[in-house]
Amino acid sequence: MDPISGTLIAVKVLVVCISHANTLAEMYRAFANTEQEMTEVTLQLEGFCLRMESQLEFMNQVWAGLHDVFQMHQVKTLSVLEKKLQAARDEVSSLIEGPKQGNYFVQLLTRSKGLAKRLKYTTWAQSSLRDTMHDLDTWWKEFDMSWYMMARISSRVLDEAIRTQKLVSSDSTNAVNTLKRLRNVTNHESRTTPDKKASSAVLINEEFPYQQAIPFCSAFLTFDPKINDTLLLDTIVQNTLTDYKTARRDIESIAVMLQAIEPVNFGLVRCHGVAKSRGPQPIYQFAFIMPSNCQNPRSLRDLLIYRAPYTLNQRLQLARQMSRAIMLVHASSFVHKNIRPETIIAAERKDDVDIKWPFLIGFERFRLAEGKTFRTGDDSWEKNLYRHPNRQGVRPDEDYMMQHDIYSLGINLFEIGIWQSLLRWSETAKSFTPQSQLEIDIGGDPKRLQERATRTKKILITMAREILPQTMGQTYSGMVVSCLTCLDNSGNSFGDEDELDDDDGILVGIRYIEKIWAELQKIHV
């Protein structure tokens, strides 16, 4: 039996169990809200199984065309799922057939005819189902990260399967539909035919005269009465070394990708379109639709400077969403090149201000990962702090790759961990200075820039190892260190650079999922 078929059978068996479990709610119709809550939990479980069944059947169809390392990762991941599905099936079955020996308390409740005790059992059953759903959902998030990596794989089998795939619905949150859209913006010779209608649809001929600034961020807010939505505007100035056609293609591609995703799950904001302004140097404005259920967007820099009251859970949510957003950008064959607190936005949910929604913006320096790089930069020490030593200055030494984004992410995750900005803001001077621990010489000799950058990197690694465990624990600290050392020749949990050299960038992506994303999921508060 192939590695997916067994898991598919387990999923389908659980679906049958859940269909029987749905009758549990009817047994307790007298208990008001209990019936509705039980129904909601079982429907969530059923929805998970149906979604997994769809994704696994598609993966089974294209298995022969997938990268060897990707297959090995999926085998490990699916073996974990089979165990979780077995545990979930046993849990659901126990609710239908009654608890097995070994839990005297629950057996007593089920045998009792008293309403109070029966209600206690119903409450226990509901809690048990919720725990099962949470366990499966945690696993799914890791699987989902690798699922979208298929968009990068050069494979005729995959191309053909995507071309002939019947869309389950027009809903962009459907995993196969989203994969198809992401596949259309990847830069492979074997990619599916680009969707010209989708590319042309992202270009909009609009001007936004009334714009509200977001503190410590280059983006602005505006309201568009035509679509009755609040927009977040993010400006891109075309690189003078890039020809117009290349720039437009890349901008259209990233916009199509940002229209293909569901914002809350991916840590990105859905793109409404791109407006091009008139002038000698082309300037583009991404117009992102703010989710209707969010409010009060603030940049991460703003939050860090004023140390906004964020709980440990909320900071972990920020870290996880940013890690997920970086992975999706990479899966779409882009590198971001500009990850810092000014390009991370966090908003509150209108119905629950304690829930924060973080989004990654700031695509001013993005490019296709396989596209031409001009090695252009700048001498801004504030921006250089978030760049790898080999990517600093006006003429960086190395071509840009995903590991450089991972390094930048690591510094952002460090600041989220200590909940303090590495840049000190002066209200009087309206400017930044570096925290003294960093030992950054702002006016130093430009010829010694890389030497100073390497020293700063070592200081950051030491701080991550010594300071972070006090507030975030060893797992989070180790994960940040993995980000900061991902390009080191030694002590690198990602592996040697030669080991990660593949045309599709799959190896780096899998290492990222295993060393960064999976570690973040292990942290529980």
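Just a few scattered comments:
- Leading residue by the ranking (farthest from Met145 (Cα to Cα)) among those in region 494-519 that are out of contact with any His (no Cβ under 9 Å at 6 or more places or on another chain) and modelled with pLDDT of 75 or more: Phe494
- Of the residues examined, Lys100 is not one that is surrounded by 13 or more Cβ atoms within 10 Å (Cβ to Cβ), modelled with pLDDT under 70 and either under 24 Å from the mean Cα position of the chain (by Cα) or over 30 Å from Leu182 (Cα atoms) (or both).
- A single entry from Leu136, Leu85 fulfils the requirement of being surrounded by 19 or more Cβ atoms within 10 Å (Cβ to Cβ), in contact with a Lys or Arg (Cβ under 9 Å, 6 or more places away or on another chain) and modelled with pLDDT of 75 or more: Leu136.
- Selection of first residues in region 204-226 that are within 18 Å of Ile361 (Cα to Cα) and of second residues that are at pLDDT 90 or above and of a type in the set (Lys, Arg), restricted to Cβ pairs under 6 Å at least 6 apart or on distinct chains, gives the following pairs, ordered by first then second residue: Phe216/Arg301.
- When each of Gly509, Gly478 is tested for being in contact with a helix residue (DSSP H, G or I) (Cβ under 9 Å, 6 or more places away or on another chain), assigned to a helix (DSSP H, G or I) and surrounded by fewer than 19 Cβ atoms within 10 Å (Cβ to Cβ), the lone residue that passes is Gly478.
The rows are residues; the columns are (1) in a helix (DSSP H, G or I); (2) at pLDDT below 90.
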residue	(1), (2)
Ser253	yes, yes
Ala275	no, yes
Pro291	no, yes
Pro297	no, no
Arg307	no, no
Arg320	yes, no
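- Qualifying residue in region 75-88 (condition: touching an Asp or Glu at 6+ places or on another chain (Cβ under 8 Å), among the aliphatic types (A, V, I, L, M), in contact (Cβ under 8 Å) with a residue 24 or more places away in the chain and part of a helix (DSSP H, G or I)): yes
- Any hit, region 450-464, residues being surrounded by fewer than 17 Cβ atoms within 10 Å (Cβ to Cβ), among the hydroxyl-bearing types (Ser, Thr, Tyr), farther than 22 Å from Leu520 by Cβ and more than 29 Å from the chain's Cα centre (by Cα): no
- Test: residue in region 328-341 that is buried (at least 20 other Cβ atoms within 10 Å of the Cβ), outside any strand (DSSP E or B), β-branched (Val, Ile, Thr) and modelled with pLDDT under 85: yes
- Test set (1) at pLDDT 50 or above; (2) over 17 Å from Leu179 (Cβ atoms); (3) surrounded by fewer than 16 Cβ atoms within 10 Å (Cβ to Cβ) - Glu37 fails condition number: (3)
The values are calculated or read from the model by the stated rules, or taken from the named source; none is laboratory data. Computed from a predicted structure; not experimentally measured. A quick note on method: Cβ atoms are made from the backbone with ideal geometry, for glycine too, and the neighbour counts reach across all protein chains shown.
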